[in-house]
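Working notes for the structure below.
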Amino acid sequence: MSPEPSASTATLRSLDYSILQQCMRCGMCLPTCPTYDATKKERHSPRGRIALMRAIADGDLEVTHVFADEMSYCLGCLACQTACPAGVDYTELFETARSDAERSAVNATAARSFWRWLSLAVLFRRPRALRLAGRVMRVYQRSGLEAAVRTFGLTMFLPPSLRRVEPQAPRVAPRFSNRLIAPHETPGGDARYRVALLTGCIQDLVFPGVNRDTADVLLANGCAVDTPPVQPCCGSLHAHNGELDLARGLARRLIDLLPPNRYDAIITNAGGCGSHLKRYGHLLERDTTYAAAAREWDRKVKDVSEWLAQIGFRPPRARPLSDNVTVTYHDSCHLAHGQKVTAQPRTLLQDLPGVALVDLPESTWCCGSAGVYAITQPAQAEALLHRKVDNVRRTRADVLATANPGCHLQIARGLGDAGVEMPVFHPVSLLAMAYRRERQ
Ligand code: SF4
Ligand code: SF4
């Protein structure tokens, strides 16, 4: 894979040592870590992983495939970061460690390199190519070809990891965000704010309706909304998978497309993207051309629920659904732990007429989605999904709300497999539905 030029790529050995030293080995993160919970092994805990990283930084350990596997087993859920009283920057450590593991190529195989190149360097770097792949996928899913391939066992030609997740492939939407949202939309009357709307990658291909709902809610609250029809990926997937140079290149492209000084806010509705989008300042801190704009970018990026709470959104007068419902809310790891946005989506849901919010036990415990975790760690991803579904089922809620497309897909699939009929919505979709029903 040929990365774009970067200002600098930190390795564990070149990383500011104070970041590695922050861990005081207190162990308070251990009960919050899903992989430690699963195995009770120190090396599968945040403290153990940080010790391994420090040993590499100190030159006492080389990057081996055992280390790379350990970093792959970590969900990157950041629950440890929330629990840590010392303020350990686990995001920085984790991304640097995964980057070291990729650079050392200890786990490289020809097939793995090909799929990483195709997904990270081609599809998730070229939005038109990604949409083209989405259209091809939709034809495949709708034409009967998918059924034929499964019937005749042709999935055997896929690598084992992809063969396993092939039945879980999300259904691609008929139209993407650029066909649902005009590049510039204005509210009736004077706009109070000017915002940019990020449409994401998976959100764009699978849940473009959530993007339309987000635009509608912003318009209803006095925001003029700019939504460029073609947007590069935010780079979250790249940073999470150790491709920091690619992530930097994408950050620069997004800043060029949506200069932050033009906007009151840059809105994202995907928890995983938002967590990464708010770190552009750090990602580009050594890039003299972009560093200042990246810092301003970080200040302007808001999750949609965070922005609505900040500007004081108008509670709707109508119910979102025809009946009164109970709703339970699952926290996306990167919205809760990465962005510390937990109260705002709940406030939004509580302000909906006809909605009673019920607590979800372990709402911040990872559902096992975690980017490509279902591909790389299928057993652990399924175990986490079962735990999540059991907790959701226990609430006896009518509806599940969550604010990240990966969690949405993962939990909806788990509920479906368990025979639980419970629709899943983004909180902003429920608000948009309520506003629409006001006009009926
Ligand atoms: S990111 Fe999640 S899985 Fe990884 S060490 Fe922290 S709590 Fe454990
Ligand atoms: S809570 Fe923080 S300081 Fe304590 S062991 Fe975990 S990472 Fe280290």
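Points to keep in mind about this one:
- With respect to the conditions (1) open to solvent by 10 Å² or more (accessible area, probe 1.4 Å); (2) touching a residue at least 24 places away in the same chain (Cβ under 8 Å), Asn269 lacks only one, and its number is (1).
- Residue selected from the range 93-103 under the condition within 12 Å of ligand 1 (Cβ to nearest atom) and charged (D, E, K, R), by the criterion surrounded by the fewest Cβ atoms within 10 Å (Cβ to Cβ): Arg98
- Test: residue in the range 245-268 that is in a loop (DSSP other than H, G, I, E, B), among the hydrophobic types (A, V, I, L, M, F, W, C) and farther than 20 Å from Ser332 by Cα: yes
- Per the listing Arg131, Arg179, Arg116, Arg112, the residue uniquely charged (D, E, K, R), open to solvent by 90 Å² or more (accessible area, probe 1.4 Å) and part of a helix (DSSP H, G or I) is Arg179.
- In the set (1) surrounded by 19 or more Cβ atoms within 10 Å (Cβ to Cβ); (2) more than 12 Å from Ala196 (Cβ to Cβ); (3) at pLDDT 95 or above, the condition left unmet by Asp298 is number (1).
- Total residues in the range 19-77, condition more than 21 Å from Ala383 (Cα to Cα), away from ligand 2 (no atom under 14 Å from the Cβ) and among the hydrophobic types (A, V, I, L, M, F, W, C): 8
- For the range 146-161, taking the residues that are under 31 Å from the mean Cα position of the chain (by Cα) and of a type in the set (Ser, Thr, Tyr), the one that is surrounded by the fewest Cβ atoms within 10 Å (Cβ to Cβ) is identified as Thr155.
- Residues of the range 182-209 classified as crowded, with 23+ Cβ neighbours inside 10 Å and without any contact (Cβ under 8 Å) to a residue 60 or more places away in the chain, total: 1
- Residues of the range 55-89 classified as within 24 Å of Ser104 (Cα to Cα), open to solvent by 20 Å² or more (accessible area, probe 1.4 Å) and within 14 Å of ligand 1 (Cβ to nearest atom), total: 4
- All conditions but one from (1) modelled with pLDDT of 95 or more; (2) in a helix (DSSP H, G or I); (3) not polar (S, T, N, Q) apply to Ala239; the one that does not is (1).
- Filter result (surrounded by fewer than 23 Cβ atoms within 10 Å (Cβ to Cβ) and either charged (D, E, K, R) or touching a strand residue (DSSP E or B) at 6+ places or on another chain (Cβ under 6 Å) (or both)) within the range 240-251: Asp245
- Subset of the range 301-317 that is part of a helix (DSSP H, G or I) and more than 17 Å from the chain's Cα centre (by Cα) - its residue that is surrounded by the fewest Cβ atoms within 10 Å (Cβ to Cβ): Gln310
- The numbered conditions (1) within 11 Å of ligand 2 (Cβ to nearest atom); (2) part of a loop (DSSP other than H, G, I, E, B); (3) basic (Lys, Arg) are all true for Arg13 except (1).
- Screening the candidates Leu284, Leu360, Leu349 for the property of being touching a residue at least 24 places away in the same chain (Cβ under 8 Å) and out of contact with any strand residue (DSSP E or B) (no Cβ under 7 Å at 6 or more places or on another chain) yields one hit, Leu284.
- Selection within the range 23-51 - touching a residue at least 40 places away in the same chain (Cβ under 8 Å), part of a helix (DSSP H, G or I) and under 17 Å from Glu92 (Cα atoms): Pro46, Arg49, Ile50
The values are calculated or read from the model by the stated rules, or taken from the named source; none is laboratory data. Since the model is a prediction, treat every value here as computed from it, not as a measurement. Quick reminder, even Gly has a Cβ in these numbers, built from the backbone with ideal geometry, and neighbours come from all protein chains shown. Please note that ligands, DNA and RNA were not included when accessible areas were found on the heavy atoms of the full protein model with its side chains. Shrake-Rupley method; radii C 1.70, N 1.55, O 1.52, S 1.80 Å.
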